[in-house]
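Enquirer: After the structure tokens below, expect a handful of questions from me.
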Amino acid sequence: MRYINDKYTSKDKKLAVEFLFVDLGGSEGWRAYILSEIDYHRYSAFRSDAQIDVHRLTEKDDYMVCLVNRFKMNNPPIDARLTRSDDVEYLCWTKAVYDIDSLLNIASVWVDITAYYIQNGGTFEQIQKTLSRKGII
């Protein structure tokens, strides 16, 4: 299984998100697991953190949940058991992504949109248009 661990910072420097990009192979392609905790209520207690609003999905496969959680533990002992502990979330995307460069770009754009969303609200679609118009993404 191939993977890449990387961190993206929004262009306004207000949000940094660590990802684990994993090649699931076959028809599933690459997936961007979100390793960072994100405070969606930083500027407004009323900002939604619902998965549909912030374009996140929860991993259902127990094996992948265990692997990602193990990675988050930062090199656990070799005999550490794989156990399902914390939920693992990944970027919601409409179709499988087979090209890692495309997924890296998607993650970078998602971080900029998320940073704007946390500060100002709105839908991801509206924010994407705004940031595109401003030349940010």
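The values are calculated or read from the model by the stated rules, or taken from the named source; none is laboratory data. Please read these numbers as outputs of a predicted model, since none were measured by experiment. Here the Cβ is made from the backbone with ideal geometry for all residues, glycine too, and neighbour counts use every protein chain on show.
Enquirer: Quick check: anything in segment 22-34 in contact (Cβ under 8 Å) with a residue 24 or more places away in the chain and either in contact with a Pro (Cβ under 8 Å, 6 or more places away or on another chain) or closer than 17 Å to Ile118 by Cβ (or both)?
Expert: Yes, the conditions are met somewhere in segment 22-34.
Enquirer: Just to be sure before I move on: is Lys11 of a type in the set (Lys, Arg) and within 17 Å of Tyr117 (Cα to Cα) in the structure I sent?
Expert: yes
Enquirer: Are there any pairs with C-beta distances below 7 angstrom linking a residue in segment 111-137 that is within 21 Å of Lys7 (Cβ to Cβ) and in contact (Cβ under 8 Å) with a residue 60 or more places away in the chain to a residue that is in a loop (DSSP other than H, G, I, E, B) and among the aliphatic types (A, V, I, L, M), with the two at least 6 apart or on different chains, and if so which?
Expert: Partner pairs satisfying both residue conditions: Val111/Leu15; Asp112/Ile136; Asp112/Ile137; Thr114/Leu15; Thr114/Ile38; Ala115/Leu15; Ile118/Leu15.
Yes/no matrix, rows are residues, columns are (1) out of contact with any helix residue (DSSP H, G or I) (no Cβ under 6 Å at 6 or more places or on another chain); (2) aliphatic (A, V, I, L, M); (3) under 14 Å from Thr123 (Cβ atoms):
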{"residue": "Phe19", "(1), (2), (3)": "no, no, no"}
{"residue": "Val22", "(1), (2), (3)": "yes, yes, no"}
{"residue": "Glu28", "(1), (2), (3)": "yes, no, no"}
{"residue": "His41", "(1), (2), (3)": "yes, no, no"}
{"residue": "Ser48", "(1), (2), (3)": "yes, no, yes"}
{"residue": "Leu57", "(1), (2), (3)": "yes, yes, no"}
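Results for (1) of a type outside the set (Val, Ile, Thr); (2) touching a Ser or Thr at 6+ places or on another chain (Cβ under 7 Å); (3) exposed (fewer than 12 other Cβ atoms within 10 Å of the Cβ), shown as yes or no for each residue.
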| site | (1), (2), (3) |
| --- | --- |
| Arg2 | yes, no, yes |
| Lys13 | yes, no, yes |
| Arg31 | yes, no, no |
| Ile52 | no, no, yes |
| Thr58 | no, no, yes |
| Asp62 | yes, no, yes |
| Arg70 | yes, no, no |
| Val97 | no, no, no |
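Enquirer: Can you name the condition, by its number, that Asp61 falls short on among (1) at pLDDT 90 or above; (2) closer than 22 Å to Ser10 by Cα?
Expert: Single failed check for Asp61: (2).
Enquirer: Give the residue that is nearest to Thr94 (Cα to Cα), with candidates limited to residues of segment 33-50 that are of a type in the set (A, V, I, L, M) and surrounded by fewer than 12 Cβ atoms within 10 Å (Cβ to Cβ).
Expert: Ala50
Enquirer: Looking at segment 1-13, I want the residues that are under 12 Å from Ser108 (Cα atoms) and have a partner that is assigned to a loop (DSSP other than H, G, I, E, B) with Cβ atoms under 6 Å, at least 6 apart or on another chain. Which pairs are those?
Expert: These pairs meet every condition: Lys11/Ile136.
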